[in-house]
Amino acid sequence: MRRQIPKAHRYLSRVWFRSANFISVISHHALRHQCLHPHVFPLVPERSPLVMLTRAGSLGGFGWFDLQQCCYFCSPPPLPEFSRQHYPAASGNRKYRMRREAGQTTSTQINQILRANEYSHTLSRGPASHGVLGFHSNMLPSNHPVEDRRSSATCLPGGSSVQFGVFDGHAGPACAHTVSQRLFYYIAVATLPRRTLAELEQAVEEERAIPPLLEWHKYPQDHSYPDGGAVSFHSLRNYWQERLEDEDEDDEEEDKDQVTSALVSAFRRLDNDLSVEAQVYLSMSTPRWGSLPAEAFSLSSPLRVALSGCTACVAHISNGVLHVANLGDSRAVLGVQESDGRWSAVSLTNDHNAQNQDELQRILGEHPESEQKTVVRHDRLLGVLLPFRAFGDFRFKWSAEMLSRLYETRADVLSAVSEVSRMPPPHYLTPPYLIAEPEVTRHVIRPSDKFLVLASDGLWELMHRQTVVQLVGDQLTGLQQQRPIIPGTGMTLGTLQRLLLDRKGRVLSVLEDQNASTHLLRHTLGNDGYGAVAPNRLAKMLSLPPELARRYRDDITITIIQLNEPEP
């Protein structure tokens, strides 16, 4: 007679056997491909060339500068689409095999979409990295074309800082596109010593080659756009000339808020220059920078930039001090690892919208009592715009006369911009209603500060900051490396099974994504409500057509900056 094994023992044996078998397979695969211990920052393609303000041998006339050499963040390449699967009549093993292959194809397509715009970069250890180990970045479009942009660069003169930025565009991508190109140059000019700026000015006057200001760490498929290079440089040069003429400024004076003042100055100056360039362009009787068709579709057209807008969240790191300059509703969240290994999320930004009562009171206090019911309607500025601070959007900043002239004379440009920008906002009585002054937070980096997450509001609308930090922290600390589970007193079989399944899920997830931003995107869209990824939900979210995807989510752009090695 066959010996009867208690049901509970049979169940426990199955659980341990499946877990051990799974781990052995994973370990064999990992050792075979040398991926048992995933690197947080894997090798990346060859570093992008340094951004040159000019190139030797290319001087002549006013050609001593060409901003087209800088890194311009363009719309990412089209994402692969899910192919339709056909299931011909079949039976038995062949039918099962065909369904299995179809499922594998879908999984491959999911990974292609999620990884289409990912980028990881490791900074060389040394003073020039300012304590930054590296970063992970990714972008998942919803709008077509995508309206988000991202930037990352090192300020080269003296290795003074590293900078990262996320830019969330609205009413089209033109403003976010331009700001992502130019803002870091303005920050460099605002923070560099005046003697360095004097050397730049002398080189320009003598038509000598200018050393690069920035080394861009750019996504391999980004392209350069030559439009507006001369105008961009002219505005930037005026900025540093004004700094040189400021006799009240003292480079030797120690001021812990000097970077804060510089960031505010750079943001405001760039926005002012965008406004001036658009007004000068508007005053021309005929376009001088190309034909009307070329102008209408150029992302660098000053009027297209003026009629669109973008928020900005920028991290400036220098000598162990982090400054975050925020404009709008993108966010920066610090991942802190406590002494007991737990993760906590520290917000370094405030949203500039109607949900922020301080911001709401600021807006209302800047306009007459008679406008209290029209300045903010339905939680939007003049009933139209969600963020209360932004670059561009000059139809909320210019005088009523200037707007009338724009809408009456430039139908060619209006036809190429977002439909929402083709009409002036209602109740436009006492402009400006919108500002481009950032709110700056200063933070001295501590050993417990492990990483910083910069992301557009598309992420924060779907996931709480604590969940974001927990997911990134688990990814970076290597919790996926398996440790033996020793059942404690009172542990039930159900509890043990859940622990094993949770460990299995973590291993699968980490083996799928080496990029922490991609890992975060996968969980954001595929979250099953219990901390794991539901493949069917993820596939459905990624397969939505563009006209429907925008109803469920916005463009999502994420940059994760690693500051210190996490504790195991």
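The values are calculated or read from the model by the stated rules, or taken from the named source; none is laboratory data. Please read all numbers here as calculations on a predicted model, not as lab measurements. Please note: Cβ atoms are built from the backbone with ideal geometry, for glycine as well, and neighbour counts cover all protein chains shown. Remember, those area values only see protein heavy atoms, side chains included, never the ligands or the DNA or RNA. Shrake-Rupley method; radii C 1.70, N 1.55, O 1.52, S 1.80 Å.
On the stretch 112-155, 54 percent of the accessible area sits on carbon and sulfur atoms, based on a 1.4 Å probe. Compactness of the stretch 430-478, taken as the C-alpha radius of gyration over 2.2 N^0.38 Å, stands at 1.64. Applying both filters, DSSP loop and at most 13 other Cβ atoms within 10 Å, to the GluC sites (Glu not before Pro) of the stretch 335-440 gives 338, 366. When only alpha carbons are used to place a centre, the stretch 144-205 and the stretch 529-568 end up 28 Å from one another.
Using a probe of 1.4 Å on the protein chains alone, the accessible area found for residue 208 is around 100 Å². Spin-label pair residue 380-residue 408: with each label point 7 Å from Cα along the Cα-Cβ axis, the two points sit 2.7 nm from one another. Where q = 0.11 Å⁻¹, what log10 of I(q)/I(0) comes from the Debye formula for the stretch 307-386, counting one point per Cα? Debye curve over Cα of the stretch 307-386, log10 I(q)/I(0) at q = 0.11 Å⁻¹: -0.44. For residue 526, neighbours were defined as the other residues whose beta-carbon sits under 13 Å from its Cβ, and their charges (Lys and Arg +1, Asp and Glu -1) total +1.
Atom-type composition of the exposed protein surface of the stretch 310-376 places 44 percent of the accessible area on carbon and sulfur (1.4 angstrom probe).
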